[in-house]
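The values are calculated or read from the model by the stated rules, or taken from the named source; none is laboratory data. The model shown is predicted, which means the values in this text are computed figures rather than measured ones. Here Cβ is always computed from backbone atoms with ideal geometry, including for glycine, and neighbour counts include all displayed protein chains. Side chains are part of the model used for accessible areas, which takes the heavy atoms of the whole protein and leaves out ligands, DNA and RNA. Shrake-Rupley method; radii C 1.70, N 1.55, O 1.52, S 1.80 Å.
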Amino acid sequence: VQLVESGGGLVQAGGSLRVSCAVSSTAFVINRLGWYRQAPGKQRELVAVVSSGGSTNYADSVKDRFTISRDNAKNTVWLQMNSLKPEDTAVYYCYANYYRDYWGQGTQVTVSS
């Protein structure tokens, strides 16, 4: 299982970005897909996850600003990030769980003030 991320980049505060992640294998449905992030000097933290059934869980800091969605047929997950803040600056890692955890290589999101 490989996770291929795309999106991210540099945006001004208040702007929007979307990151996406495709799981290499579509032979089975991934249980949980989601995103974590890690800012410099901080631990990796949950941003949002979505189950194969559509249940979602968000970090309090991103609720009402970020939206996670997925396509089970394609094993792809997207994270739409709106009203971005400088404190959202981090490397965003795609996450997948299918009997074990899998991680993407990370994509940088930078929000300038």
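Do the conditions hold for THR67, that is, is it more than 12 Å from ARG37 (Cβ to Cβ) and without any contact (Cβ under 8 Å) to a residue 40 or more places away in the chain? In short, yes. Selection of segment 100-113 for residues being in contact (Cβ under 8 Å) with a residue 40 or more places away in the chain, open to solvent by 40 Å² or more (accessible area, probe 1.4 Å) and not in a strand (DSSP E or B) yields GLN105, SER113.
Residue-wise test of (1) without any contact (Cβ under 8 Å) to a residue 24 or more places away in the chain; (2) over 14 Å from GLY15 (Cα atoms).
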site	(1), (2)
SER51	yes, yes
LYS63	yes, yes
ALA73	no, yes
TRP78	no, yes
MET81	no, no
ASP88	no, no
VAL91	no, yes
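Restrict the check to segment 66-73 and report whether at least one residue is part of a strand (DSSP E or B), within 13 Å of SER6 (Cα to Cα) and not basic (Lys, Arg). No, because not a single residue in segment 66-73 is part of a strand (DSSP E or B), within 13 Å of SER6 (Cα to Cα) and not basic (Lys, Arg). If you go through segment 29-54 and keep only what is part of a loop (DSSP other than H, G, I, E, B), among the polar types (S, T, N, Q) and open to solvent by less than 80 Å² (accessible area, probe 1.4 Å), you end up with ASN31, SER52.
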